[in-house]
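**Q** Input: one structure, supplied below.
The values are calculated or read from the model by the stated rules, or taken from the named source; none is laboratory data. Keep in mind the model is a prediction, meaning the values are calculated, not measured. Glycine also receives a Cβ, built like all others from the backbone with ideal geometry; neighbour counts cover every protein chain displayed.
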Amino acid sequence: MTPSKARLASASLALTIGAAGLSLAVAAPSSAADQVHPAGASDSGAYLAPFYTEGDLTGDHQITAADLDIARAALGTSSTGAGWSKVAAADLDGDGTITIADLARLAQKVIYDDGSFDLIEASALDMQKAMNAGVITSVQLTQDYLDRITAYNSTTVDPATSGRPLNAVITADAKDALAAAAASDAARKKNGHGSGMLDGIPILLKDNYDTKDMPTSAGCSCWEDNQTSTDATMVAGLRDAGAIILGKASMDEFAYGFVSQYSAGSPVGSSKYVASPYNTAQSAGGSSGGTGASISANLGAIGFGTDTGGSIRVPSSYNQLVGLRPTVGLTSRDGIVPLALTQDTGGPIARSVSDVAVALDAVVGSDPADAATSEADTHLPTSYTSYLKAGSLAGKHFAYFTSMVPPSSATSASQIAARRIFLDAVQKLQDAGATVDAIDPSTLAADPANGVTVSKILNEGSGSTNEFKANIAAYVANHLDPTVADRTLAEIVSSGQYTPQYGSVYTQRDAVTTDTYNAWMASHGSLIKNGSAYLTNLMDTDDIDAVIYPTTTTYGTYSTNLRLSPNTGMPAITVPAGQDNAGEVTAGAPANANVNLEFLGRDYDEGDLISYGYSFEQATKARTTPALYPALAGETYAGPGVDEDAPGTGAVTLGASARTVKPGQTFSVTVDESAKDLYAYDLSLGFDPKAAALVSTSTTGGTTGSDVITAGSGTVHVVHTKLGSSPAAEGDTKLVTLTFKALAVGATAHVSVTKLVTVDADGDATAVVEPGGASVGITAYSTTTSASLAKHAVTSGKKVRLNVAVSAAPGVVPTGSVKVTVAGKSHLATLNGGRAVLTFKAPKLARKVKKAKTKKISVVYAPTADFTGSATTLTLKVKPKH
């Protein structure tokens with residue numbers, strides 16, 4: 001188990017520092033008591049992806065048991081019938097009637113999966129489905145990720161001679177994370193569901209996000225003990241949404257760079273690098289490289305980084321992840337160690353676009369502590385997940401600037417690979433119905449008011465040079481733990497507790513004067529404002545939905561591509577597009593290298609960007625899993641819905657527990673299917689209520705899911721469906737077992753299927769023709785009659801006492817009467833409890849008879865309808881009177 005709040009150490013390796021990176025900052029102080037969480041309208045509790053909301057009948061924008069109950073009750077309702085308007089949304093096949101196929105398709109939209117769960121590559125949606133089905137708990141998820149951090153973070157697993165540790169996580173907080181996970185599990189159990197899509201989901205944060213339960217080092221050993229009293233506003237939003245803060249990810253020290261070199265956890269004068277999980281000789285990128293490497297290697301569910309000049313997008317491209325750089329001002333920077341507040345923005349890094357949308361919902365909104373977010377609330381959708389619709393590329397118009405794509409004349413293998421992957425992506429966009437145009441930016445006129453051009457936007461430098469000193473001073477004043485000694489850049493340099501290569505950088509930044517800072521803020525602020533207006537006007541004029549370009553080359557940056565978003569403040573999403581091929585690697589490109597496609601949109605267009613990214617992701621499935629970091633033992637959970645049977649033939653049989661039964665006895669009839677791919681079924685049966693009475697029904701032991709069984713006079717109706725993406729049933733599958741009580745002797749209890757419609761996992765329905773029936777004969781109980789005399793010899797004319805017992809099967813008591821005949825005289829008695837006692841006078845003997853005589857006694861049982869008759873005889877010795 002990972003120790004609580006453990007600092008994770010690993011070997012260091014010297015590499016060359018990359019270009020300037022990113023980070024964020026704070027504008028106003030906040031305390032634990034008055035901390036403001038995001039106040040935006042995005043609903044982090046909802047999952048509004050269109051697939052999961054279509055068919056909603058209750059108006060809550062989700063499919064739950066309540067919707068299934070309404071649809072189930074409406075089976076058979078047609079568009080011409082009463083009440084159609086209330087259930088029409090559930091007619092998912094559009095045939096004008098609510099059928100079992102509609103119910104099955106509706107059930108597939110429930111967030112639930114009782115099949116097996118694999119931790120590797122699992123999305124937040126996968127986790128919620130498994131937790132809702134009881135297959136896994138948040139505690140198990142959290143512990144599994146902690147175990148992976150322990151196993152992989154500081155261990156060299158790459159067999160190559162240049163292999164090195166991942167070094168992706170600085171701090172893991174096992175104690176608090178597991179406690180939060182246990183609380184999440186308890187609440188889910190109590191409420192029957194989670195509180196939202198992030199409830200119980202383990203999150204890793206770049207180590208420049210303040211956390212009240214873990215130090216925030218910003219990657220620098222000088223701040224290893226910076227334990228803030230409050231969470232960053234974005235972190236508070238994540239906790240409010242139920243997320244589990246698992247730990248803090250490594251980063252370029254103070255977000256300076258693209259290689260994730262940091263000194264936190266290292267001896268004075270030394271540092272470490274974060275490695276790519278695909279090729280550990282390569283960098284994971286930066287400055288959010290620890291987030292990128294850890295999420296790609298499945299050390300956490302979702303990560304968060306910051307982006308000043310590419311620090312979300314570079315690690316995303318290097319590590320085959322989706323990264324979103326939000327509009328500056330959509331997410332609060334309060335409580336995040338800053339680099340350049342004119343460009344800083346925090347956002348999610350994840351293995352899928354859907355996870356990015358889920359995570360973004362929890363962290364957006366206006367925050368009084370960050371003036372840049374003042375307009376955020378007015379730009380929020382109900383949920384960014386509502387944009388997760390495949391097919392969103394059709395009819396869209398994209399464009400790219402030719403200067404942002406490696407030319408056909410490129411000789412670098414990495415640039416050649418990036419060009420091919422980008423042009424392949426362009427083709428895939430076109431295949432999906434989009435129009436893509438190439439624009440030579442040199443042909444575009446400058447803005448006559450200010451001279452802004454695309455080239456000027458791309459060539460503007462990073463704010464980290466002139467803003468860092470002032471921004472970090474504000475963070476120190478408002479957030480830094482008072483016990484931390486090194487509070488200025490000069491003090492940090494004097495301490496020696498930093499990455500050695502950054503000493504000159506810090507000294508240069510510390511030399512920036514107030515006049516230089518103010519002049520920069522005026523000019524750079526104008527460039528960002530004018531650049532945004534220029535690019536937005538170009539997009540509006542040419543009806544361009546998004547500008548596209550390759551985020552990086554293979555493990556490298558290209559030109560100034562990364563600056564288009566930060567130097568306009570406009571949002572961008574980056575999505576895996578493909579990897580280099582063997583020929584490109586032979587020519588010199590690094591092995592196992594990826595290039596992402598980036599979409600840039602208008603301010604606050606994150607929803608549309610998510611829709612484009614999602615559609616592209618679904619069309620390409622370009623991400624691969626790092627082979628160096630496979631599943632550990634125990635990371636696969638077999639759910640109750642797992643069916644290991646081989647697919648059957650689809651044949652349906654009825655079987656009875658007995659061929660014949662006695663009245664009052666119970667028997668069962670089971671309907672079985674040799675299932676091929678069974679997700680749902682609508683089954684009706686009939687029987688003669690005069691021959692048998694229905695005692696109970698059961699589908700237990702058949703297939704998991706939801707069923708409703710209704711019974712009438714001589715009828716049984718079973719409607720069953722699996723839930724969510726639970727696996728369909730295969731092989732021998734019990735559809736229902738009916739238990740009856742036999743009623744009428746001589747009758748035949750015949751149970752027949754009057755209707756059976758099955759639905760497969762694709763939603764296709766099949767009517768089963770003539771599935772047949774099962775018959776059970778009802779026969780009378782055989783009986784045995786016995787009798788005994790109180791005295792075997794009596795005097796003529798004296799009383800005789802006769803005990804009669806009629807028996808049947810164990811536990812069954814015969815009813816009816818017995819007739820006793822002796823010497824031509826008959827005597828009758830009604831059975832009571834299967835017994836009767838008769839008294840009568842012994843036959844009289846003639847006076848001349850001097851010797852005893854033997855008389856035959858005949859005992860005959862006269863049964864009621866449920867029993868057969870039986871008889872016995874015995875003898876009585878009659879003595880003459882003397």
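**Q** Please work out which one of (1) over 22 Å from residue 299 (Cα atoms); (2) touching a residue at least 24 places away in the same chain (Cβ under 8 Å) is the condition residue 378 fails and give its number.
**A** (2)
**Q** Scan region 390-422 for residues that are part of a helix (DSSP H, G or I) and surrounded by 20 or more Cβ atoms within 10 Å (Cβ to Cβ) and jot them down.
**A** Listed by number, the residues that qualify are 404, 413, 414, 415, 416, 417, 418, 419, 421, 422.
**Q** Does region 795-840 hold any residues that are modelled with pLDDT of 95 or more, β-branched (Val, Ile, Thr) and part of a strand (DSSP E or B), and which are they?
**A** Result: 800, 804, 806, 818, 820, 821, 822, 830, 837, 839.
**Q** Please return the ranges of helices (runs of 4 or more DSSP H) entirely within region 273-374 where 2 or more residues are touching a Lys or Arg at 6+ places or on another chain (Cβ under 9 Å).
**A** So the answer is 289-296.
**Q** What pairs can you find where one residue is in region 838-860 and in the same structural domain as residue 817 (by TED's automatic domain parsing), the other is among the acidic types (Asp, Glu), and their Cβ atoms are less than 7 Å apart, with a gap of 6+ or different chains?
**A** Nothing qualifies.
**Q** If a residue has to be surrounded by 15 or more Cβ atoms within 10 Å (Cβ to Cβ), of a type outside the set (Asp, Glu) and either under 20 Å from the mean Cα position of the chain (by Cα) or not in a strand (DSSP E or B) (or both) to count, how many in region 643-655 make the cut?
**A** Total meeting the criteria: 3.
**Q** Let me ask you something else. Got at least one residue in region 154-166 being crowded, with 21+ Cβ neighbours inside 10 Å and part of a helix (DSSP H, G or I)?
**A** Within region 154-166 (the criterion being crowded, with 21+ Cβ neighbours inside 10 Å and part of a helix (DSSP H, G or I)), the answer is no, since none of the residues qualifies.
**Q** Return the residues of region 309-330 that are farther than 19 Å from residue 611 by Cβ and among the polar types (S, T, N, Q); say none if nothing qualifies.
**A** 311, 317, 319, 320
**Q** Can you name the number of the only condition in (1) among the hydroxyl-bearing types (Ser, Thr, Tyr); (2) under 30 Å from residue 767 (Cβ atoms); (3) in the same structural domain as residue 277 (by TED's automatic domain parsing) that residue 99 fails?
**A** Unmet for residue 99, out of (1) among the hydroxyl-bearing types (Ser, Thr, Tyr); (2) under 30 Å from residue 767 (Cβ atoms); (3) in the same structural domain as residue 277 (by TED's automatic domain parsing): (3).
**Q** Could you list all residues from region 507-543 that are part of a helix (DSSP H, G or I), without any contact (Cβ under 8 Å) to a residue 40 or more places away in the chain and closer than 18 Å to residue 487 by Cβ?
**A** Selection gives 507 alone.
**Q** Can you pull out every residue in region 524-544 that is closer than 14 Å to residue 451 by Cα, surrounded by fewer than 20 Cβ atoms within 10 Å (Cβ to Cβ) and hydroxyl-bearing (Ser, Thr, Tyr)?
**A** Result: 526, single match.
One line per residue, one yes/no per condition, for (1) modelled with pLDDT of 95 or more; (2) under 30 Å from residue 98 (Cβ atoms):
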{"position": "649", "(1), (2)": "no, yes"}
{"position": "659", "(1), (2)": "yes, no"}
{"position": "670", "(1), (2)": "yes, yes"}
{"position": "680", "(1), (2)": "yes, yes"}
{"position": "685", "(1), (2)": "yes, yes"}
{"position": "692", "(1), (2)": "yes, no"}
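**Q** Given 486, 481, 447, 437, which one is touching a strand residue (DSSP E or B) at 6+ places or on another chain (Cβ under 8 Å), of a type outside the set (Ser, Thr, Tyr) and in the same structural domain as residue 559 (by TED's automatic domain parsing)?
**A** From the options 486, 481, 447, 437, the qualifying one is 437.
**Q** If residue 707 meets every condition in (1) surrounded by fewer than 20 Cβ atoms within 10 Å (Cβ to Cβ); (2) under 30 Å from residue 64 (Cβ atoms); (3) touching a strand residue (DSSP E or B) at 6+ places or on another chain (Cβ under 8 Å) apart from one, which number is that one?
**A** Result: residue 707 fails condition (1) only.
**Q** Look at residue 466 and say whether it is over 17 Å from residue 339 (Cβ atoms), under 45 Å from the mean Cα position of the chain (by Cα), in the same structural domain as residue 229 (by TED's automatic domain parsing) and of a type in the set (S, T, N, Q).
**A** Taking the combined requirement at face value, the residue does not satisfy it.
**Q** With respect to residue 658, is the statement that it is touching a Phe, Trp or Tyr at 6+ places or on another chain (Cβ under 6 Å), farther than 30 Å from residue 572 by Cα and either assigned to a strand (DSSP E or B) or not assigned by TED's automatic domain parsing to the domain that holds residue 71 (or both) true?
**A** Yes, satisfied.
**Q** Counting just the residues of region 79-91 that are out of contact with any Gly (no Cβ under 7 Å at 6 or more places or on another chain) and either at pLDDT below 95 or surrounded by fewer than 17 Cβ atoms within 10 Å (Cβ to Cβ) (or both), which one comes out nearest to residue 758 (Cα to Cα)?
**A** 88
**Q** From the list 511, 589, which one is modelled with pLDDT under 95, aliphatic (A, V, I, L, M) and assigned by TED's automatic domain parsing to the domain that holds residue 394?
**A** Matching residue, one of 511, 589: 589.
**Q** Moving to a separate point now. Which residue, of 788, 870, is over 30 Å from residue 102 (Cβ atoms), buried (at least 17 other Cβ atoms within 10 Å of the Cβ) and not assigned by TED's automatic domain parsing to the domain that holds residue 728?
**A** From the options 788, 870, the qualifying one is 870.
**Q** Looking at region 127-145, which of its residues are among the β-branched types (Val, Ile, Thr), surrounded by fewer than 24 Cβ atoms within 10 Å (Cβ to Cβ) and over 12 Å from residue 117 (Cα atoms)?
**A** 139 - this is the single residue of region 127-145 that is among the β-branched types (Val, Ile, Thr), surrounded by fewer than 24 Cβ atoms within 10 Å (Cβ to Cβ) and over 12 Å from residue 117 (Cα atoms).
**Q** Okay, moving on. With the condition kept exactly as written, say whether any residue in region 234-243 is more than 17 Å from residue 297 (Cβ to Cβ), assigned to a loop (DSSP other than H, G, I, E, B), modelled with pLDDT of 95 or more and in contact with a strand residue (DSSP E or B) (Cβ under 9 Å, 6 or more places away or on another chain).
**A** Within region 234-243 (the criterion being more than 17 Å from residue 297 (Cβ to Cβ), assigned to a loop (DSSP other than H, G, I, E, B), modelled with pLDDT of 95 or more and in contact with a strand residue (DSSP E or B) (Cβ under 9 Å, 6 or more places away or on another chain)), the answer is yes, since at least one residue qualifies.
**Q** To continue, here is another question. Being more than 41 Å from the chain's Cα centre (by Cα), over 30 Å from residue 111 (Cα atoms) and without any contact (Cβ under 8 Å) to a residue 60 or more places away in the chain is the requirement here; does residue 713 meet it?
**A** Criteria met by residue 713.
**Q** Additional query: For region 70-93, how many residues are closer than 26 Å to residue 132 by Cβ and without any contact (Cβ under 8 Å) to a residue 12 or more places away in the chain?
**A** 1
**Q** Check 94, 76 and return the single one that is modelled with pLDDT of 95 or more, outside the structural domain of residue 379 (by TED's automatic domain parsing), under 30 Å from residue 613 (Cβ atoms) and not charged (D, E, K, R).
**A** After ruling out the rest, the residue left standing is 94.
**Q** Now a separate question. Please specify each residue of region 741-754 satisfying the condition of being surrounded by 15 or more Cβ atoms within 10 Å (Cβ to Cβ) and not hydrophobic (A, V, I, L, M, F, W, C).
**A** Selection gives 741, 750, 752.
**Q** Quick one: how many residues across region 544-573 are in a loop (DSSP other than H, G, I, E, B) and in contact with a His (Cβ under 9 Å, 6 or more places away or on another chain)?
**A** So the count comes out to 3.
**Q** Go through 74, 101 for me and flag whichever is buried (at least 21 other Cβ atoms within 10 Å of the Cβ), under 25 Å from residue 717 (Cα atoms) and either out of contact with any helix residue (DSSP H, G or I) (no Cβ under 8 Å at 6 or more places or on another chain) or of a type in the set (Lys, Arg) (or both).
**A** Within the list 74, 101, the selection yields 101.
**Q** Just one of the numbered conditions (1) closer than 30 Å to residue 278 by Cα; (2) surrounded by 22 or more Cβ atoms within 10 Å (Cβ to Cβ); (3) of a type in the set (Ser, Thr, Tyr) is not true of residue 568; which one?
**A** Status for residue 568: all satisfied but (1).
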